[in-house]
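Everything on this sheet refers to the single structure shown next.
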Amino acid sequence: MNKKIYVGIWGPIGILFILLVISFLIPYAYPDFETKTVDYMRDSDGNIFSAPPFSPEEMPPIGSDKLGRNLLYLLLAGAKYTILASIGIAFFRMIFGFIFGLAYAFLPPRIAKILKGLGEALQFIPLVVVVYASLFTLNTAFLNGLLPSTEYFILQMIVIAIVIIPSLGIYIGEEMKLFLKNEFLQASKVMGASKMHIIKKHLLPHYCRRSIVLFSEQISQTLALIIQMGIIYLCLGGLKELNFGIAGTEPEYFSATHEWAAMISMNIQQIFINPWLVVAPLLFFSILIFLVNVISQNLKQLLLDPQVIEIKPKSKTQNTNTETLKIDESSFTYTNPSR
């Protein structure tokens, strides 16, 4: 049982690590992957039969973008931004969410009830709408050239992490409240244990395992949110809008990072004409979310399932022989002098 769980954890982690290594090596293995374009394709007679974007049949394995660049290389190069950004956002969520939940758990019941009601009401608002409203000013500054792409990328990660903190913190705080109702903790309070003692000796050890599982779940939720952001042209690192001066044409969008949500934003208008331009990054997102979910499920079994117990085999050198103890009258010392 445990061996299968470990394979289910380390197998996907290994795949993600390999994907990250490939993503960092792409600019060195193919230095011209961003600038090398194919303007058109000719048949054996020299006649032009296709122009960008090329289909997967014309440029295997998944076609090209609108400039004729290999789409696979672009997606692999952008993988590091998508993966590391989702991990970073989930990490920020867990840190600030735990602090918020810790404060929430020790609030007076009346105030905690009000915060819980507000948190439940806000859950009916789509999170992508909240993110869009929060990033509107920053996005305008980026499009006007007032904010560099790198700084915009970091600020986006912070904002995306912050907007989920109240609901995540309330969820963690409610679990902490249930844990604090245990009899041994109530007894500890009666005996004079301080809040800091309870946090250090009880809450932190108890939620160490739960936080690992929750962290992996937050990565999946972050990836799902990034996909939604890409559909509304709000992606990590921002998009540069270029107009080629042709009247009546839509502006073209380009990304310096090739982050996967940006690849969706750049090509969303082509979904019915050249669907592979949108399907390809969505497929990469699906594989990534699947790997993270597998890790999360196995972590939950390993860390939270009480039935998963590692049984250590008995030592072969353990002595199992027993000796018979013989007891007779000489084995006793009588204290009565008459005997």
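Distance between the 7 Å Cα→Cβ label points at Tyr28 and Lys3: 3.7 nm.
Just add up the charged neighbours of Cys208: K/R +1, D/E -1, any other residue whose Cβ is under 14 Å from the Cβ of Cys208. That sum, taken over residues with Cβ under 14 Å, equals +3. Shape class of the range 178-221 from the alpha-carbon gyration tensor: prolate, with a/c at 1.5 or above and a/b greater than b/c. Hydrodynamic estimate: the Kirkwood radius of the range 104-239 over Cα pairs, inserted into Stokes-Einstein at 37 °C and 0.692 mPa s, corresponds to D of 188 µm²/s. Could you tell me the relative contact order of the chain? Use alpha-carbon pairs under 8 Å, at least six residues apart, and round to a whole percent. Value for the chain: 22 percent. Label sites at Leu282 and Glu183, each approximated as a point 7 angstrom past Cα along Cα to Cβ, lie 5.5 nm apart. The sum of -39500 (n - 2.57) across all DSSP H runs of n ≥ 4, divided by the residue count of the chain, sets its helix-only mean residue ellipticity at 222 nm to -20500 deg cm²/dmol.
Say the dipole of the chain comes from +1 at the beta carbon of Lys and Arg and -1 at that of Asp and Glu; which of Ala85, Gly119, Met41 then lies farthest toward its positive end? Result: Gly119, furthest along the dipole toward the positive end. Pairs exceeding 32 Å between alpha-carbon atoms, taken from Lys116/Lys240; Lys3/Lys177; Lys116/Lys200: Lys116/Lys240; Lys3/Lys177.
When only DSSP loop residues count, what GluC sites (Glu not before Pro) in the range 1-102 have their Cβ near at most 13 other Cβ atoms within 10 Å? Could the numbers behind the result be given before it?
Details: sites: Glu34, Glu57, Glu58; in loops: Glu34, Glu57, Glu58.
The qualifying sites are Glu57.
If the chain linking Asn144 and Gln269 were pulled fully straight, counting 0.36 nm for each residue of separation and taking away their Cα-Cα distance, it would gain 42.7 nm. Using θ = phi - 60° in the Karplus curve 6.51 cos²θ - 1.76 cosθ + 1.60, the 3J(HN,Hα) couplings for the range 111-126 round to 5, 4, 5, 5, 4, 5, x, 5, x, 5, 5, 5, 5, 7, 8, x Hz; x is entered for Gly and Pro. Note on the range 110-160: Rg/Rh from Cα positions, Kirkwood definition for Rh, rounded to two decimals, is 1.18. Relative to the longest principal axis of the Cα atoms of the chain, the long axis of helix 127-143 lies at roughly 50 degrees.
Scale the Cα Rg of the range 43-174 by the rule-of-thumb value 2.2 N^0.38 Å and send over the ratio, two decimals.
Working: Rg = 22.4 Å, N = 132, 2.2 N^0.38 = 14.1 Å.
Normalised Cα radius of gyration, the range 43-174: 1.59.
In Å, the Kirkwood hydrodynamic radius of the range 20-80 over pairs of distinct alpha carbons? Hydrodynamic radius (Kirkwood, Cα pairs) of the range 20-80 is 12.2 Å.
Magnitude of the Cβ-charge dipole of the chain, K/R +1 and D/E -1, about the Cα centre, nearest 20 debye?
On the way: 26 positive and 23 negative charges, 422 e Å.
About 2020 debye.
Going through (i) 29.8, 128; (ii) 26.7, 91; (iii) 21.2, 70, the figure that equals Rg and Dmax of the Cα atoms in Å as computed for the structure here is (i). Using the Cβ of Arg69 as centre and a radius below 15 Å, the other residues enclosed give a net charge of -4, where K and R count +1 and D and E count -1.
With a cut-off of 16 Å on the backbone N, the residues of the range 67-85 near the modelled label site 7 Å out from Glu252 along Cα-Cβ are 67-71. Relative to the Cα centre, the charge distribution of the range 150-250, modelled as +1 at Lys and Arg Cβ and -1 at Asp and Glu Cβ, gives a dipole magnitude of about 760 debye. What do you get for the angle between helix 2-29 and the principal long axis of the chain? Use alpha-carbon atoms, 0 to 90 degrees, nearest ten. Its long axis makes an angle of about 30 degrees. As a proxy for reagent exposure, ranking Val130, Val292, Val190 by other Cβ atoms within 10 Å from fewest up yields Val190, Val130, Val292. Each residue, Thr137 and Lys36, gets one label point 7 Å from its Cα in the Cβ direction; the gap between the two is 4.5 nm. Give the residues of the range 164-178 whose amide nitrogen is closer than 15 Å to a point set 7 Å from the Cα of Ala193 in the direction of its Cβ. 176-178, by backbone N distance to the label point.
Projected onto planes of every orientation and averaged, the convex hull of the alpha-carbon atoms in the range 1-54 covers 6.6 nm².
In this Cβ point-charge picture (+1 for Lys and Arg, -1 for Asp and Glu), the range 68-225 has a dipole of about 480 debye about its Cα centre.
Which one, Leu282, Leu178, Ile13, projects farthest toward the positive side of the charge dipole computed for the chain from Cβ point charges (K/R +1, D/E -1)? Ranked along the dipole, the leading option is Leu178.
Normalised by the number of residues in the range 1-123, the mean separation of alpha-carbon contacts (under 8 Å, six or more apart) gives a relative contact order of 19 percent.
All of the numbers you see were taken from the coordinates with simple rules; none came from a lab. Please read these numbers as outputs of a predicted model, since none were measured by experiment. Glycine also receives a Cβ, built like all others from the backbone with ideal geometry; neighbour counts cover every protein chain displayed.
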